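Written out below as structure tokens is the structure these notes cover.
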Amino acid sequence: MMRLEIRAEACPYLKFAMSKRLQARRLDGIDHNPWVEFGKMASEYDVVNLGQGFPDFPPPDFAIQAFQLALNSDFMLNQYTKAFGYPPLTKILASFFGKLLGQEIDPLKNVLVTVGAYGALFTAFQALVDEGDEVIIVEPFFDCYEPMTLMAGGRPVFVTLKPSPTQDGELDSASNWQLDPTELASKFTSRTKALILNTPNNPVGKVFSKAELELVASLCQQHDVICISDEVYQWLVYDGHQHISIASLPGMWERTLTIGSAGKSFSATGWKVGWALGPDSLMKHLRTVHQNTIYHCPTQGQAAVAQSFQHEQLHFGQPSSYFVQLPQAVQRYRDHMIRSLQSVGLKPVVPQGSYFLIADISDFKTQMPDLPGDADEPYDRRFVKWMIRNKGLAAIPVSVFYSTPHRKQFDHYVRFCFVKDESTLQAMDEKLQKWKDELRP
Amino acid sequence: MFSAQRRLWSLNSTAKFLTINSSKILGLPTSAKMSLKITNAKRIEGLDSNVWIEFTKLAADPSVVNLGQGLPDISPPIYVKEKLSKIAAIDSLNQYTRGFGHPSLVKALACLYEKFYQNQINPNKEILVTVGAYGSLFNSIQGLIDEGDEVIIIMPFYDCYEPMVRMAGATPVFIPLRSKPVNGKKWSSSDWTLDPQELASKFNSKTKAIILNTPHNPIGKVYTKEELQVIADLCIKYDTLCISDEVYEWLVYTGNKHLKIATFPGMWERTITIGSAGKTFSVTGWKLGWSVGPHHLIKHLQTVQQNTIYTCATPLQEALAQAFWIDIKRMDDPECYFNSLPKELEVKRDRMIHLLENLGLKPIVPDGGYFIIADVSLLDADLSGMKDSNEPYDYKFVKWMTKNKKLSAIPVSAFCNTETKLQFEKFVRFCFIKKDSTLDAAEEIIKAWTGQ
């Protein structure tokens with residue numbers, strides 16, 4: 001006998017409505033997702049997609065071979081591994097980063113493997129941020145920091161990187177964007193539980209200097225605050241700049257979680273393998289969250305990452321190291337993009353690191369202030385939509401990386417990803433050339 | 001504070017070093033003061049212990065025959081491994097895919113499950129791909145369960161249900177499966193039932209959801225139509241949600257049929273149904289699971305997803321999609337893995353029942369799943385040597401058995417809440433999704449044990 005199902009969507013008058021509230025309160029205010037909107041638009045039009053941050057070139061051969069090996073060797077790699085990380089991976093992460101951070105890192109106590117750095121961030125917030133805790137977030141910020149703080153019942157406290165004025169004709173630089181020390185100090189209260197730092201920074205591309213990190217470190221120690229350091233772009237540094245891990249500064253290891261990403265390290269974002277490193281006193285709480293959320297991470301991706309790190313450990317610091325070659329190649333892409341964008345009047349801010357640069361669109365805001373969009377929609381969002389529809393280029397409006405009250409203030413920048421193949425950059429050039437031609441009266 | 005010295009990896013002399021400031025070099029104390037603020041969030045209070053961590057460590061000794069953790073030691077089907085192997089070579093599959101589920105995978109899942117729901121399933125709005133079924137349970141509970149809510153959990157229960165409900169600030173309300181007396185015939189998982197009146201008494205205006213697990217871990221019960229109807233009636237009467245954990249949906253044995261509570265009248269709109277690639281294709285290490293349900297529920301799980309892990313691994317999802325297409329096309333064929341695996345496992349189940357009976361135990365024959373529980377008190381093992389007399393009987397028994405008989409299992413009281421551990425403390429769970437040589441080794445141990 002066929003069961004006739006009457007479904008709520010088919011019959012609106014039978015719409016499901018619970019008498020009690022349906023979704024949990026922790027989801028309030030965090031359901032919006034800017035990526036879905038812009039990603040959708042980018043796929044609907046014929047565009048060169050310089051929006052979302054992933055490479056359009058493959059991972060290096062040794063990484064692909066590592067994955068192949070993980071799939072074709074022991075068939076037991078198809079089954080669960082250790083909950084807190086596949087042992088060869090936690091072992092090599094401990095030794096590799098132990099050296100970099102100047103710490104003895106125990107693979108069992110100081111390392112947790114997660115589903116991407118995103119998963120590490122979530123685990124850290126859930127483990128350590130409580131109802132009413134304040135979390136200092138440096139603006140502009142990778143957009144998940146705010147909703148993750150809110151979902152944990154925390155209160156985000158924003159402090160803004162501010163650019164100093166540049167000379168006419170000179171390009172702005174991400175290093176020019178700085179925190180005011182007095183302003184930063186004023187954000188710390190007795191309720192401050194954590195500060196989230198991202199270096200190299202997404203979207204601006206700033207690489208925090210030692211002095212800047214020392215300032216943050218001293219405030220964290222003074223106010224007894226945990227530092228969550230998102231260092232996914234640690235290898236993507238240019239022009240001879242050096243990435244510094246705040247956990248390596250005096251007094252910081254015991255209060256810092258250092259988060260990293262295999263996706264960004266090996267140009268394999270789809271593997272979704274990340275990690276958190278830190279003292280056992282903090283890591284044990286992340287482990288508790290982990291065992292009550294996803295419990296295990298997929299095994300084979302971890303095996304591939306372990307093998308890839310073996311390769312890098314062997315070649316560390318040498319020209320054959322991927323962590324040397326990748327930033328060298330990407331720096332050229334960056335420079336290409338900087339040159340090209342200027343041809344249509346976009347003003348790129350030169351990044352010292354990360355996958356991204358932001359470009360100032362103030363001139364466009366002056367010349368064409370009335371682009372289609374909602375009444376209260378920040379200019380940069382309207383500009384990006386216009387650019388997708390009319391110029392065949394997709395990017396991300398930088399106001400999505402700001403707290404709601406500041407979006408109108410910082411609505412004149414657009415973020416471009418330059419970790420793209422030469423062919424993509426050439427396609428970008430073609431679109432820009434056409435745009436430039438259209439500018440001539 | 002830090003563990004014993006690890007041999008520091010020494011670099012080639014031509015390598016460049018980053019300048020490192022170590023607190024040790026500068027002579028500063030590594031922990032100037034014990035911080036008062038570096039405390040954990042309240043949501044994880046009391047959730048730090050975990051039975052698996054403890055028992056998998058015990059069973060890690062290679063000389064132990066491990067019938068504990070639910071982990072197949074049989075090979076996944078060849079075509080599943082082959083698909084994954086080919087995929088790693090495809091460029092685009094090494095980068096991010098769609099957050100709520102890789103397009104080809106959600107399409108395959110929609111196509112598969114439409115056969116059961118007899119309605120179209122929207123792959124983008126009514127399906128979410130998660131990090132294992134574990135991730136789907138987490139997303140469901142975080143998305144739909146609030147502080148102050150009550151959630152009914154049927155005992156014994158897969159152990160993560162209770163901590164996940166507590167982590168959401170809600171109160172678990174327990175109801176045990178109770179066994180009818182069995183006179184003369186074999187003890188079956190179907191002898192374990194819920195008392196309808198007792199179940200009804202657990203529902204009230206605060207009840208937000210009931211978590212159902214069918215086929216059931218650890219008993220192996222496959223809920224009948226009548227039993228599911230009782231639960232459905234209560235869900236509708238009290239306007240509650242149903243989170244239906246159906247990871248073992250294909251593993252049902254002769255004479256039994258897996259039924260989806262979401263297909264019952266009035267249930268689609270209030271049910272999240274959870275499945276698992278790990279259990280479907282014997283690839284637990286792929287950690288892919290899914291939730292199927294109406295958009296007005298799934299959208300909240302999607303919100304959790306975009307604020308937790310955002311997206312699952314791409315190559316595994318594509319491989320899974322391709323493996324599904326192979327079996328979706330031949331669902332009536334005995335070669336289809338959804339048919340062949342339960343056939344293979346039924347033989348192993350019967351063998352294991354026989355072995356446990358030889359040992360003098362009374363195992364409960366499961367109608368589904370890949371576990372068997374048995375009352376071990378009949379063996380009257382001498383556990384006086386085991387320290388920590390506060391532990392339940394089955395914990396001590398498993399530790400004793402692992403140490404002295406080189407056979408490991410899982411204590412069933414781990415699947416009970418603190419107050420009711422005693423109800424199940426004589427039972428131990430054995431996993432039978434094991435290759436023949438593992439079962440042979442178990443047989444040898446049992447023969448030696450009984451002095452045969």
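The values are calculated or read from the model by the stated rules, or taken from the named source; none is laboratory data. The model shown is predicted, which means the values in this text are computed figures rather than measured ones. Positions of Cβ are generated from backbone atoms using ideal geometry, with glycine treated the same way; all protein chains shown enter the neighbour counts.
Here is a check on your reading of the model: is A:P327 surrounded by fewer than 24 Cβ atoms within 10 Å (Cβ to Cβ), under 17 Å from A:N110 (Cβ atoms) and in contact (Cβ under 8 Å) with a residue 12 or more places away in the chain? Answer is no for this residue.
Annotation note: of B:S179, B:S188, the sole residue that is small (G, A, S) and either modelled with pLDDT of 95 or more or in the same structural domain as B:V412 (by the TED database) (or both) is B:S188.
Return yes when B:S31 is assigned to a loop (DSSP other than H, G, I, E, B), facing chain A (nearest Cβ under 7 Å) and either modelled with pLDDT of 55 or more or closer than 30 Å to A:T192 by Cβ (or both) and no when it is not.
yes
In the set (1) in contact (Cβ under 8 Å) with a residue 12 or more places away in the chain; (2) closer than 25 Å to A:K82 by Cα, A:N292 fails one condition alone, (1).
Entry remark, the stretch A:226-243: residues being surrounded by fewer than 24 Cβ atoms within 10 Å (Cβ to Cβ) and either out of contact with any strand residue (DSSP E or B) (no Cβ under 9 Å at 6 or more places or on another chain) or in contact (Cβ under 8 Å) with a residue 60 or more places away in the chain (or both) number 8 in total. Within the stretch A:13-28, the residues that satisfy the criterion of being in a loop (DSSP other than H, G, I, E, B) and more than 8 Å from every other protein chain (Cβ to nearest Cβ) are A:K15, A:A17, A:D28. Within the stretch B:126-168, the only residue that satisfies the criterion of being surrounded by fewer than 24 Cβ atoms within 10 Å (Cβ to Cβ) and at positive phi is B:G148. Quick check: anything in the stretch A:404-414 among the hydroxyl-bearing types (S, T, Y), surrounded by fewer than 24 Cβ atoms within 10 Å (Cβ to Cβ) and farther than 19 Å from A:F38 by Cβ? Checked against the condition, which is being among the hydroxyl-bearing types (S, T, Y), surrounded by fewer than 24 Cβ atoms within 10 Å (Cβ to Cβ) and farther than 19 Å from A:F38 by Cβ, the stretch A:404-414 yields no hits at all.
Counting only residues that are in a loop (DSSP other than H, G, I, E, B), farther than 15 Å from A:P140 by Cβ and not aliphatic (A, V, I, L, M), the stretch A:341-368 holds 3 of them. Residues in the stretch A:29-83 that are touching a residue at least 60 places away in the same chain (Cβ under 8 Å) and among the acidic types (D, E) were compared, and the one that is farthest from the other protein chains (Cβ to nearest Cβ) is A:D46.
Got a sec? Which helices (runs of 4 or more DSSP H) wholly within the stretch B:251-332 have at least 2 residues that are surrounded by fewer than 24 Cβ atoms within 10 Å (Cβ to Cβ)?
The qualifying helices (runs of 4 or more DSSP H) are B:295-306, B:314-328.
When the stretch A:32-50 is filtered for residues that are in a loop (DSSP other than H, G, I, E, B) and at pLDDT 90 or above, the ones remaining, listed by number, are A:Y45, A:D46, A:V47, A:L50. Apart from one condition, A:S248 fits all of (1) more than 8 Å from chain B (Cβ to nearest Cβ); (2) crowded, with 20+ Cβ neighbours inside 10 Å; (3) among the small types (G, A, S); the exception is (1). For the stretch A:86-125, taking the residues that are within 30 Å of A:R155 (Cα to Cα) and among the aromatic types (F, W, Y), the one that is surrounded by the most Cβ atoms within 10 Å (Cβ to Cβ) is identified as A:F125.
Could you list all residues from the stretch B:333-353 that are among the charged types (D, E, K, R) and assigned to a loop (DSSP other than H, G, I, E, B)? B:D333, B:E335, listed by residue number. Restricting the first member to the stretch A:269-280 and to residues that are within 8 Å of chain B (Cβ to nearest Cβ), and the second to residues that are of a type in the set (D, E, K, R) and assigned to a helix (DSSP H, G or I), the beta-carbon pairs closer than 7 Å and six or more apart or on different chains are A:P279/A:E254. Checking each residue in the stretch A:94-151 for being at the interface with chain B (Cβ under 9 Å from one of its Cβ atoms), small (G, A, S) and over 24 Å from A:A83 (Cβ atoms) picks out only A:G102. Of the set (1) modelled with pLDDT under 95; (2) closer than 24 Å to B:E318 by Cβ; (3) surrounded by 15 or more Cβ atoms within 10 Å (Cβ to Cβ); (4) not aliphatic (A, V, I, L, M), all apply to B:D91 but (3).
Residues that are part of a loop (DSSP other than H, G, I, E, B), more than 30 Å from A:Q234 (Cα to Cα) and in contact (Cβ under 8 Å) with a residue 24 or more places away in the chain within the stretch A:369-398 comprise A:P378, A:G392, listed in sequence order.
Of the residues making up the stretch B:166-185, those that are within 10 Å of chain A (Cβ to nearest Cβ) and either within 17 Å of B:T240 (Cβ to Cβ) or not small (G, A, S) (or both) number 4.
Of the set (1) touching a His at 6+ places or on another chain (Cβ under 6 Å); (2) in a strand (DSSP E or B), all apply to A:K193 but (1).
The numbered conditions (1) more than 29 Å from A:A63 (Cβ to Cβ); (2) within 12 Å of chain A (Cβ to nearest Cβ); (3) in a loop (DSSP other than H, G, I, E, B) are all true for B:F116 except (3).
A count restricted to the stretch A:296-324 and to residues that are surrounded by 23 or more Cβ atoms within 10 Å (Cβ to Cβ), touching a helix residue (DSSP H, G or I) at 6+ places or on another chain (Cβ under 6 Å) and either outside any helix (DSSP H, G or I) or at the interface with chain B (Cβ under 10 Å from one of its Cβ atoms) (or both) stands at 7. Find the residue count for the stretch A:174-190, including only residues that are in a strand (DSSP E or B) and in contact (Cβ under 8 Å) with a residue 60 or more places away in the chain. Summing the residues that are in a strand (DSSP E or B) and in contact (Cβ under 8 Å) with a residue 60 or more places away in the chain in the stretch A:174-190 gives 1.
Could you identify the single residue in A:P88, A:P58, A:P156 that is closer than 28 Å to B:L93 by Cα and either among the hydroxyl-bearing types (S, T, Y) or in contact with an Asp or Glu (Cβ under 6 Å, 6 or more places away or on another chain) (or both)?
Criteria check complete, one pass: A:P58.
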